[in-house]
Amino acid sequence: MSLGNTRSGTREWVFQRITNLAICLWGVVIIGLVLNVDTATFADWQNLFAPMWFKIYSSVTLLMVCLNSVLAGWQIGTDYIKPKGINTLYMAVVKLGSVAYAAFGLYILWWM
């Protein structure tokens, strides 16, 4: 008996858990770095985000956040939005929002 394109969702579940762990670890790192800043001037904040390792780590985490949000949007859309046209529009908004969030975040990290 063929199940066609049905999926169990295990890969999505594992992906969400891994990305959630990565996001939490990034939060722990940023809290640790912020606690080590003596003052809170703009230059101090720039220096906090200046090291290459932190830019790369933040970029990867940001992309994980965006992929996680698309997956979460897909789960919400398939569970609660039944009309196909509304679901398609909803998913387009979720994907566009995630791409905009990623683009804006990467711009801030690398070019500001």
Return the distance in nm (one decimal) between the two label points of a simple spin-label model at VAL60 and MET112, each offset 7 Å from Cα along Cα→Cβ.
2.4
Taking loop as defined by DSSP and a crowding limit of 11 other beta carbons within 10 Å, which trypsin sites (Lys or Arg not before Pro) in segment 7-110 fit?
ARG7
So for the chain, taking the charge dipole from beta-carbon charges (+1 Lys/Arg, -1 Asp/Glu), which of MET91, MET64, LEU35 sits furthest toward the positive end?
MET91
When the accessible area of the chain is split by element with a 1.4 Å probe, what percent falls to carbon and sulfur?
73
Could you do me a favour and compute the accessible area per residue for the chain, 1.4 Å probe, result in Å²?
74
No solvent, one uniform scatterer per C-alpha: report log10 I(q)/I(0) for segment 37-87 via the Debye equation at q = 0.13, 0.16, 0.22, 0.24 1/Å, two decimals.
-0.54, -0.63, -0.82, -0.88
Using only Cα atoms, what Kirkwood radius does segment 67-112 have, in angstroms?
11.4
Sorted by accessible area (1.4 Å probe), largest first, how do MET64, MET112 line up?
MET112, MET64
Ordering of 71-80, 41-50 by burial proxy (mean other Cβ atoms within 10 Å per residue, highest first):
71-80, 41-50
Round to a whole angstrom and tell me the spacing of the C-alpha centers of segment 13-34 and segment 55-70.
10
Taking a cut-off of 22 Å, what percent of all Cα-Cα pairs in the chain are separated by more than that?
49
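The values are calculated or read from the model by the stated rules, or taken from the named source; none is laboratory data. All figures in this text were calculated on a predicted structure; none of them were measured in a lab. FYI the Cβ positions are ideal-geometry reconstructions off the backbone, even for glycines, and counts take in every protein chain you see. We work out accessible area using only protein heavy atoms, side chains counted, and drop any ligands, DNA or RNA first. Shrake-Rupley method; radii C 1.70, N 1.55, O 1.52, S 1.80 Å.
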